[in-house]
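Take a look at the structure set out below.
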Amino acid sequence: KGQTVSLDYFEILDEKGNYIDTMFAPQKDIVISAGEPFVHEALFTFHGFRYISVEGMEEFTADQFFACATHSDMEKTGDFHCSNKKVNQLQNNITWSQRDNFLDIPTDCPQRDERLGWTGDAQVFCGTASYNFHTALFFRKWLRDMAAETTPEWGVPHVVPNILGNQAGAAAWSDAATIIPWTIYKVYGDKEMLAEQFPMMKNWVDYIHARVSKNGLWQSGFQYGDWLALDIESGSTDRTGGTDKYLVANAYYAYSTRIVRDAADALGYAEEAKAYGDLYEKIVEAIHVEYVTRSGRMVSETQTACVLMLYFDLIKPEFRNRILETLELNIGAHHNHLTTGFVGTPYLCHCLSENGLHGLADEIFMKEDFPGWLYAVKKGATTIWERWNSILPNGDFDESGMNSLNHYAYGSIGSWLYEKVAGIRCMEPGYKKIRIQPTLTKGMTEVSAAYESIYGTIVSAWSCREGKICVDVQIPVNTTAVIQLPEKEAEFTVGSGRYHYEYKTDTNLKFEKYSLESTLGELVAEELGRNMFEEMMPGMLEDPLIQFALSMTISDLLVQDAQAKPMYLAVIDALNATNSKL
């Protein structure tokens with residue numbers, strides 16, 4: 001009796017096994033014994049954690065503890081699985097971050113002092129969320145909350161419920177008011193929900209329109225920009241990224257206006273459809289005047305700027321190829337790594353795949369070093385991180401502030417896995433008409449995805465190995481599907497049923513992780529690579545100048561020392577062989 005037990009909840013341990021406090025508020029339960037056996041369960045709260053520190057008990061065992069996962073009751077509707085274990089772990093991480101954060105409202109993280117319903121995080125993840133789980137009721141409830149919080153003076157708040165007070169609406173965050181209802185309508189075909197939310201959708205666009213400058217563009221007030229993007233100037237603490245923040249704002253202004261036009265058309269509101277359609281055309285023209293030169297160059301030529309202009313279809317047809325080339329050059333300049341933040345990341349791989357650069361999207365996705373999705377997986381992540389480097393390459397926790405290890409926004413890549421890799425795409429609201437268009441992706445020799453639509457189960461599964469492609473498709477009753485098989489130009493339409501296709505190919509999807517375009521830093525990050533360099537060129541890695549060479553590609557280094565090519569090739573071949581076995 002009177003014995004006090006303290007339970008502290010943490011996300012991560014350091015290399016010595018000590019708990020690291022990643023939160024701005026403690027997660028602690030203090031239990032005082034009444035002298036009788038009892039079970040403690042925290043009430044009126046929840047904890048986001050991976051480890052528990054127990055103090056005050058001299059002896060205890062792990063089986064005395066039971067962890068209960070708590071989230072809104074959403075039916076599981078999606079499943080994605082492939083031959084690549086790391087990709088499967090990423091999909092598992094995405095699913096867990098969704099479960100951990102969809103508790104009555106879509107929170108940003110379940111463990112620190114926020115746990116807020118950030119609108120920006122929710123809108124970029126909404127598409128992926130609606131593959132994984134049935135989200136119609138969850139989002140409809142939250143959209144009603146959002147509509148209740150929206151005002152003519154302040155627009156759509158940054159968090160819902162709005163506990164932050166009066167803050168003027170901001171692009172990409174407040175655009176949740178249009179993007180989420182439209183996404184949910186496309187997924188479930190629910191016109192009643194769309195009609196219910198249409199006034200809020202329209203009010204958000206009207207809010208922006210009332211604040212535009214003489215040139216017809218939104219160029220005032222606070223904006224998040226491309227939040228947490230990596231293309232900021234060296235040494236800058238600005239979290240809004242390197243893309244012109246008002247370019248981001250106006251790209252979303254145009255996008256939301258187009259959504260309102262399309263929603264009005266779907267609901268049969270002819271007058272509003274025409275009005276917002278005319279406004280949309282004026283916004284696009286104003287964007288071209290302000291942000292695109294006569295020859296097709298953009299004011300901001302960041303990855304995110306190019307992606308938004310291409311994916312939102314804001315570029316005139318004659319300039320699309322130039323912007324696409326600019327995007328490709330920018331990615332190449334970063335050794336085929338992304339530099340995007342919360343705004344650009346959800347659309348990056350989609351944009352590349354839709355514009356004939358799926359191979360580049362695949363290469364970016366498969367990167368296992370910083371920054372990239374599989375970097376976190378390789379570091380042992382079981383959920384999605386808020387930052388690309390929440391854990392630094394040396395294993396330390398990033399202490400630049402605002403760093404969560406359970407933050408689903410970058411999990412938005414999940415929709416690319418379902419739509420582009422597996423090839424399940426919605427052509428008509430509610431999946432009344434479906435496109436099955438799987439895309440062969442290096443690093444995955446077998447992919448299987450299933451989605452439980454309102455009409456029934458949709459399946460797209462493919463394999464490519466040993467000189468043969470096999471595709472299996474399942475289409476539910478009362479629907480039709482347009483099928484385009486990998487490496488086939490023709491497409492064809494089928495009704496409900498199960499279909500199997502099998503044909504020969506010369507394609508090899510074996511993923512060579514390392515090449516002459518890898519950086520020296522990538523090679524020496526592997527223990528085998530370091531050991532081989534030490535053996536073939538003792539002292540090489542101790543040279544003070546090595547720090548300058550780590551960021552250079554092997555191709556660039558060979559320009560200075562062509563005779564070293566056999567050494568580099570030996571290391572690359574050995575690492576690829578080891579990676580293949582793994």
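Side notes on the structure shown:
- Per residue, the chain exposes 45 Å² of accessible surface when a 1.4 Å probe is rolled over the protein heavy atoms with every protein chain present.
- Y501 accessible area, 1.4 Å probe, all protein chains in place, Å² to nearest 10: 40 Å²
- Using a cut-off of 29 Å between Cα atoms, the listed pairs K86/K316; K378/K442; K274/K488; K16/K76; K378/K432 include K86/K316; K274/K488; K16/K76; K378/K432 as exceeding that distance.
- Tail fraction, Cα-Cα pairs, region 260-352, threshold 20 Å, whole percent: 45 percent
- When the C-alpha to C-alpha distance is required to be over 26 Å, the pairs from K85/K367; K367/K420; K245/K433; K85/K565 that qualify are K245/K433; K85/K565.
- Where W154, W173 fall by accessible area, highest first, once all protein chains stay in place (1.4 Å): W154, W173
- Between V477, L528, Y514, the Cα set farthest toward the positive side of the dipole of region 470-582 (charges on each charged residue's Cβ, about the Cα centre) is that of V477.
- Ellipticity estimate at 222 nm from DSSP helix runs (n ≥ 4, -39,500 (n - 2.57)) divided over the chain, nearest 500: -11500 deg cm²/dmol
- Cβ-based net charge around P393, under 14 Å, with every Lys or Arg adding one and every Asp or Glu removing one: -3
- Loop-resident sites, region 174-255, for GluC sites (Glu not before Pro), counting at most 12 other Cβ within 10 Å (DSSP): E233
- For L279, neighbours were defined as the other residues whose beta-carbon sits under 15 Å from its Cβ, and their charges (Lys and Arg +1, Asp and Glu -1) total -2.
- Principal axis dimensions, region 82-204 - Cα atoms, whole angstrom, descending: 51, 37, 23
- Rel. contact order, % - alpha carbon contacts under 8 angstrom, at least six apart, region 7-89: 32 percent
- Percent RCO, i.e. relative contact order, over region 66-205, from Cα pairs under 8 Å lying at least 6 residues apart: 22 percent
- Its Cα centre serving as origin, the chain has a Cβ charge dipole (Lys and Arg +1, Asp and Glu -1) of approximately 1680 debye.
- Taking only the C-alpha atoms of region 114-173, the Rg (one decimal) and the largest Cα-Cα distance, Dmax (whole number), read 11.8, 36 Å.
- The base-10 log of I(q)/I(0) for region 433-582, evaluated at q = 0.16 Å⁻¹, reads -0.84 [Debye formula, identical scatterers on Cα atoms, solvent excluded].
- Förster radius 45 Å - calculated FRET efficiency between A148 and A42, Cβ distance, rounded to 0.05: 0.90
- Simple rule: put +1 on each Lys or Arg Cβ and -1 on each Asp or Glu Cβ in region 46-193, find the dipole, and look at N84, F139, V159; the Cα lying farthest toward the positive end is N84.
- Here the relative contact order of the chain, from alpha carbon pairs under 8 Å that lie six or more residues apart, stands at 12 percent.
- Protection proxy ranking, peptides 207-215, 278-286, average beta carbon neighbours within 10 Å, highest first: 278-286, 207-215
- ³J(HN,Hα) computed for each position of region 70-82 - Karplus, 6.51 cos²θ - 1.76 cosθ + 1.60, integer Hz, glycine/proline x: 10, 7, 4, 7, 10, 5, 6, 10, x, 8, 10, 9, 9
- Charged-residue dipole, Cβ positions (Lys, Arg, Asp, Glu), region 337-494 about Cα centre, Debye nearest 20: 300 debye
- Base-10 log of normalised Debye intensity for the chain (one unit scatterer per alpha-carbon) at q = 0.07, 0.12 Å⁻¹: -0.46, -1.32
- If you take the alpha carbon atoms of region 322-412 and fit the smallest convex hull around them, that volume is 97 Å³ per residue.
- Note on surface exposure: T505, T151 rank T151, T505 by accessible area, highest first, 1.4 Å probe.
- With every protein chain in place and a 1.4 angstrom probe, the accessible-area ranking of E542, E489, E55, largest first, reads E489, E542, E55.
- Of the solvent-accessible surface of the chain, computed with a 1.4 Å probe and all protein chains present, 51% belongs to carbon and sulfur.
- With all protein chains modelled, accessible area of M402 [1.4 Å, Å²]: 30 Å²
- Gyration tensor (Cα) of region 193-259, equivalent ellipsoid semi-axes in angstrom: 28, 15, 9
- Annotation: amide H-H contacts under 5 Å for L103 (H modelled 1.01 Å from N, sequence separation of 5 or more, or interchain): S72.
- Its Cα gyration tensor gives region 410-464 an equivalent ellipsoid, and the semi-axes of that ellipsoid, as √(5λ) in whole Å with the largest first, are 20, 13, 9.
- Integer Hz, Karplus 6.51/-1.76/1.60 couplings in order for region 459-470, x for Gly and Pro: 10, 9, 9, 9, 9, 9, 6, 6, x, 9, 9, 10
- Heavy-atom accessible surface of R322, to the nearest 10 Å², is about 90 Å², with a 1.4 Å probe and all protein chains retained.
- Model label points for M427 and T4, set 7 angstrom from Cα along the Cα-to-Cβ axis, are 6.7 nm apart.
- Computed magnitude of the charge dipole of region 348-393 (debye, nearest 20; Cβ of K, R +1, Cβ of D, E -1): 220 debye
The values are calculated or read from the model by the stated rules, or taken from the named source; none is laboratory data. Predicted, not measured: the structure shown is a model, and the values here were computed from it. Cβ atoms come from the backbone with ideal geometry, glycine included; neighbour counts cover every protein chain shown. When the accessible area is computed, the model is the full protein with side chains, heavy atoms only, and any ligands, DNA or RNA have been set aside. Shrake-Rupley method; radii C 1.70, N 1.55, O 1.52, S 1.80 Å.
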